[in-house]
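Structure record follows, encoded as structure tokens.
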Amino acid sequence: MSLEGDLMEGKGDDLSVSYEVKHDFSSKNTNVKLMANTQGTNLAAEFDRGDGLKEVSAQRDLDLGDRSVNLQPSWMVQAKSARVKLMSKLNGGDRVSAQVDYNTNGGDISYEVGYDHHLEEGRDVSATFKPGAKALEVDYVDNKFENGATWTASANVPLDEAGGANVLEKAKVTLKRSWAW
């Protein structure tokens, strides 16, 4: 069961506050998200009955030179991990993204870099490189192949194979079809 709405609706740059409450009857867990928006900055906090305060985050678009960069810092409370996401549109509508996770318990840092390209209406391809996991993931999404259905082809390519093995032989490819009726 879920419930969502606005506690305060702001006009222009005024403060607006909204909420989402979800309850899972089988696990008897309730999840609450509070979101606030003021002057272009979005703030959010997520609370879970089972885990307590889970995440605190912010989001804002920044103008850096001639680019607009979406900045999303967040703090995952239970994991004691900080995350910073950066996303920007390139010329032609392509998007590039970067994510850095820092675990304060062990000082571990992980990185992820992504690139999204719009091939044509209803057809997109994206690539995500995770240096720490030595993996490359490529997704192709097609909404035009079959009317009313979305086909997604995903390839996960491990990049740490030793002994000169062909990485394409080690790749895992999945095909998924989803539709709405």
Worksheet, complete the sentence: Considering the stretch 36-45, residues that are at pLDDT below 95 and touching an Asp or Glu at 6+ places or on another chain (Cβ under 8 Å), and then whichever is most open to solvent (accessible area, probe 1.4 Å), we arrive at GLN39
Response to the item:
Among the residues of the stretch 41-57, the number that are under 12 Å from SER18 (Cα atoms) and of a type in the set (S, T, N, Q) is 1
Worksheet item: What are the pairs, 6+ residues apart or on separate chains, where a residue within the stretch 124-147 that is on the phi > 0 side of the Ramachandran plot and surrounded by fewer than 15 Cβ atoms within 10 Å (Cβ to Cβ) has its Cβ under 7 Å from a residue that is modelled with pLDDT under 90 and not acidic (Asp, Glu)?
Response: LYS134/PRO158; LYS134/LEU159
Worksheet item: Within the stretch 9-29, can one find any residue that is aromatic (Phe, Trp, Tyr), farther than 17 Å from LYS85 by Cβ and open to solvent by 40 Å² or more (accessible area, probe 1.4 Å)?
Response: yes
Fill in: Test: GLY114 is part of a loop (DSSP other than H, G, I, E, B) and not hydrophobic (A, V, I, L, M, F, W, C)
no
Worksheet entry | Selected residue [of a type in the set (A, V, I, L, M) and more than 30 Å from ARG67 (Cβ to Cβ)] from VAL157, VAL173 | VAL173
Worksheet item: All but one of (1) hydroxyl-bearing (Ser, Thr, Tyr); (2) open to solvent by less than 80 Å² (accessible area, probe 1.4 Å); (3) under 23 Å from PRO73 (Cβ atoms) hold for TYR111; which doesn't?
Response: (2)
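The values are calculated or read from the model by the stated rules, or taken from the named source; none is laboratory data. Computed from a predicted model, the values in this text were never measured in an experiment. Here the Cβ is made from the backbone with ideal geometry for all residues, glycine too, and neighbour counts use every protein chain on show. The protein model used for the area step is the full one, side chains on, heavy atoms only, and it has no ligands, DNA or RNA in it. Shrake-Rupley method; radii C 1.70, N 1.55, O 1.52, S 1.80 Å.
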